[in-house]
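Just so it is clear, none of the values below were taken in a lab; they were calculated from the coordinates. What you see is a predicted model; the values in this text were computed from it and never measured. Cβ: placed from backbone, ideal geometry, glycine included. Neighbour counts: every protein chain shown.
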Amino acid sequence: MRIQLTPEQVAGKVRENNAKARGAIHKGQWRAAERARTFLVRATPKVDTGQLKASWRVDRGATIQLVNHAPHAGIIEAGARPHKVSMEGFYAIFRWAKRHGAGGPRGGGPKPIYRADVSYINGMPFAPEDVPAARLAMGIVRKLAKEGQKPTWYVKKSMKTIQAMTVQEVAKALSRAVGSKGNA
């Protein structure tokens, strides 16, 4: 069997397959990003409330992006140099300490104090039941100021797996779109 095509026919087939290929690559990238999102949710370290795991999203537009929208995602991944902690940061750590059972009832910030049995920690007043959580929070703040926070690199460590997923998904999508089925 012999197939004869004119140069115009060949050019038409190339244009047709080129458009199919571009769409297939985009679809393959999207599928790979969804697989990678599932993979990274499992690889994400358990951090307190689960916000970090729940914040993975695939943003689909002209480009496909796998993004973690949690405000602390970069710090968990790459760590932080030694730094001072703001008052808001201290109270966030204090609430974490309360949630994890460092004295007193769980949750919330420091209780309003209207009585004489007040304890002061670094000049801040705390009710007696809040003192263990406040001491723990101050210890963490001091450690962050002295040592910073170590990185986990869980995304960086996952990149080879994510790259392999991307190659697989794009290859599958290209095979379906411009495979050998009647495209001669």
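Results, tabulated for the structure shown:
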| item | result |
| --- | --- |
| Of Lys84/Lys150; Lys46/Lys84; Lys20/Lys172; Lys27/Lys160; Lys46/Lys157, pairs whose Cα-Cα distance is over 22 Å | Lys46/Lys84 |
| Extension reserve of the Thr161-Glu34 stretch, reckoned as 0.36 nm per residue once the Cα distance is removed | 44.4 nm |
| Within the stretch 122-159: backbone nitrogen closer than 13 Å to the Ala80 label point (7 Å, Cα to C-beta) | 140-151 |
| Mean Cβ count within 10 Å, highest first, over the residues of peptides 164-170, 17-23 | 164-170, 17-23 |
| Label-to-label distance, nm, for residues given as Ala11 and Glu147 (7 Å Cα→Cβ offset) | 6.9 nm |
| Estimated distance in nm for a label pair at Gln65 and Asn122, the labels positioned 7 Å out from Cα along Cα-to-Cβ | 3.5 nm |
| D_trans [Stokes-Einstein, Kirkwood Rh over alpha-carbon pairs] for the chain, 20 °C, 1.002 mPa s, µm² s⁻¹ | 102 µm²/s |
